[in-house]
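Single-structure report; data block below.
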């Protein structure tokens, strides 16, 4: 079937200082087709699409829309060309309704007719299979509903070329399937669509064609039906990469962390964690699944001593080598420093990499030093060990940096994450907690991290892995605890459960509340 070109990119180049983000990229985006854009971190995918969205302006090259050369210098120019981009981080006003957010910023003579706008929104929803209440406030919406508002917003403005950046990152499997159904409906209506994603199974499921970038250069494209995840990975990386996650059976699993009755309220008095109890076993990986904001962040921070817990909570820690019958160390009521001084070997990779995990103005050596400076004698601190550790992490995880003293805030998000994960694993902990350890990482590095976590598990470490990709959770973990609305909705065997079962548990309490 022949597809006409909606957009033609010709020799597009974009530089940021000395860094060439896109190097003479030429690419066709076609009508009635879903194009997946793949590439490792720093390959230039989002930069390229941001030039179509009017966020960046190309240094060289030409953009043609419907065969006509155009200048896209702003998001307004992009909309005039029929291009709409749905970003990974939503740009909505929480206190406004869906309809108010959708029409916000539109130039319209006379008084705004919200009733007419709601009618047009309903027509768009019915045409493509969306489900949304125009009068619903954004703060009452699920993540999936907010994403729907963003998509309808660009359709309302007349976009027929849609770019979706990591659209399934925080969706359940059921919500992902619903989104893909809508995308196929839009494709059938002649829309041109680009999806940026790291999830190869989704690429194979929804796209018609795949284009690959590597280090800012266009490598080529291929029909999805004629390729495989392995071939696409090899194209992205430039050499053969194993996509197998090793999952040996747990050997002599022993209780390492026993949590009971964990309840957390935020600064506004909202209950974020509701009577959560579980046991993390040494020698296993315990996965934590849940839609965004289900209490994952508060759970890990409570264990690390960063969140206050309500009365009655208990977190007993038992290090590797604990004698049978030893009650362990109680962590509740202790600060992170007190936990460390108690001899607790706890490592934590937080979700907020630079805000909580690393100091952005320091280099890799300085950030390694933060974990080991108390080992110095008197006023002197041993810098040799942190520097050696920084060099080892840089080599083993292939951190792209000018040097170990280069400020980490100037590194890409993926490289910052490598520094943080490498530092925490190097502490040889008894309990290792990771929040979205591979978020923003390319496939090659992600599998390196998975193997490192498995190595820790085989050393008897209790690994707690908070993740958003259910396929990875099912392949990597031994058990999966599902959180919904701050409560444990189930703990399942990762070897025997299914994506559908976990997806239903992720929304269990929400559905029960809606039905009551």
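The values are calculated or read from the model by the stated rules, or taken from the named source; none is laboratory data. These figures come from a predicted structure and were not determined experimentally. FYI the Cβ positions are ideal-geometry reconstructions off the backbone, even for glycines, and counts take in every protein chain you see.
Just name the residue that is modelled with the highest pLDDT out of those in the range 307-328 that are under 16 Å from residue 280 (Cβ atoms) and part of a loop (DSSP other than H, G, I, E, B). Restricting to residues being under 16 Å from residue 280 (Cβ atoms) and part of a loop (DSSP other than H, G, I, E, B), the top hit is 313. Checked against the criterion of being surrounded by fewer than 15 Cβ atoms within 10 Å (Cβ to Cβ) and under 23 Å from residue 330 (Cβ atoms), the candidates 277, 242 yield just one match: 277. For residue 507, the test of being in contact with a strand residue (DSSP E or B) (Cβ under 7 Å, 6 or more places away or on another chain), in contact (Cβ under 8 Å) with a residue 24 or more places away in the chain and under 24 Å from residue 271 (Cβ atoms) is passed. For the range 177-201, a tally of residues being in contact (Cβ under 8 Å) with a residue 12 or more places away in the chain and in a helix (DSSP H, G or I) returns 13.
Would you say residue 169 is under 30 Å from residue 8 (Cβ atoms) and touching a residue at least 12 places away in the same chain (Cβ under 8 Å)? Taking the combined requirement at face value, the residue satisfies it. Take residue 223 and tell me if it is over 22 Å from residue 441 (Cα atoms), touching a strand residue (DSSP E or B) at 6+ places or on another chain (Cβ under 7 Å) and not assigned by TED's automatic domain parsing to the domain that holds residue 474. Here the answer is yes, as residue 223 does meet what is asked. In the range 233-252, the qualifying residues are those that are part of a helix (DSSP H, G or I) and touching a strand residue (DSSP E or B) at 6+ places or on another chain (Cβ under 6 Å), and the one that is farthest from residue 43 (Cα to Cα) is 235. Per the listing 38, 112, the residue uniquely surrounded by fewer than 20 Cβ atoms within 10 Å (Cβ to Cβ) and either within 29 Å of the chain's Cα centre (by Cα) or farther than 30 Å from residue 485 by Cβ (or both) is 112. Just to be sure, is residue 262 farther than 18 Å from residue 351 by Cα and either touching a residue at least 60 places away in the same chain (Cβ under 8 Å) or in a strand (DSSP E or B) (or both)? Yes: the conditions hold for residue 262.
Looking at the range 152-165, which of its residues are under 13 Å from residue 52 (Cα atoms) and in a helix (DSSP H, G or I)? Listed by number, the list is empty, since nothing qualifies. Selection of the range 49-78 for residues being touching a residue at least 60 places away in the same chain (Cβ under 8 Å) and surrounded by fewer than 20 Cβ atoms within 10 Å (Cβ to Cβ) yields 66, 67.
Checked against (1) modelled with pLDDT of 90 or more; (2) part of a loop (DSSP other than H, G, I, E, B), residue 108 passes all but a single condition, namely (1). Checking each residue in the range 402-438 for being surrounded by 20 or more Cβ atoms within 10 Å (Cβ to Cβ), assigned to a loop (DSSP other than H, G, I, E, B) and either modelled with pLDDT of 85 or more or not assigned by TED's automatic domain parsing to the domain that holds residue 364 (or both) picks out 404, 429, 430, 436, 437, 438.
Okay, residues lined up against (1) in contact with a helix residue (DSSP H, G or I) (Cβ under 7 Å, 6 or more places away or on another chain); (2) within 24 Å of residue 30 (Cβ to Cβ):
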site: 53; (1), (2): yes, yes
site: 62; (1), (2): no, yes
site: 69; (1), (2): no, yes
site: 79; (1), (2): no, yes
site: 87; (1), (2): no, yes
site: 95; (1), (2): yes, no
site: 102; (1), (2): yes, no
site: 116; (1), (2): no, no
site: 126; (1), (2): no, no
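Checking each residue in the range 1-27 for being outside any loop (DSSP other than H, G, I, E, B) and either in contact with a helix residue (DSSP H, G or I) (Cβ under 9 Å, 6 or more places away or on another chain) or without any contact (Cβ under 8 Å) to a residue 40 or more places away in the chain (or both) picks out 7, 9, 12, 14, 16, 19, 21, 22, 25, 27. Could you go through the range 474-490 and let me know if any residue there is under 24 Å from residue 39 (Cβ atoms), at pLDDT below 90 and surrounded by 23 or more Cβ atoms within 10 Å (Cβ to Cβ). No, the range 474-490 has no match at all.
Under the condition of being buried (at least 19 other Cβ atoms within 10 Å of the Cβ) and not in a loop (DSSP other than H, G, I, E, B), the residues counted in the range 80-96 number 4. Does the range 329-336 include one or more residues that are over 27 Å from residue 143 (Cβ atoms), part of a helix (DSSP H, G or I) and not assigned by TED's automatic domain parsing to the domain that holds residue 172? For the range 329-336, residues over 27 Å from residue 143 (Cβ atoms), part of a helix (DSSP H, G or I) and not assigned by TED's automatic domain parsing to the domain that holds residue 172: present. For residue 168, are the conditions met, namely being assigned to a helix (DSSP H, G or I), at pLDDT below 90, touching a helix residue (DSSP H, G or I) at 6+ places or on another chain (Cβ under 8 Å) and assigned by TED's automatic domain parsing to the domain that holds residue 103? No: the conditions fail for residue 168.
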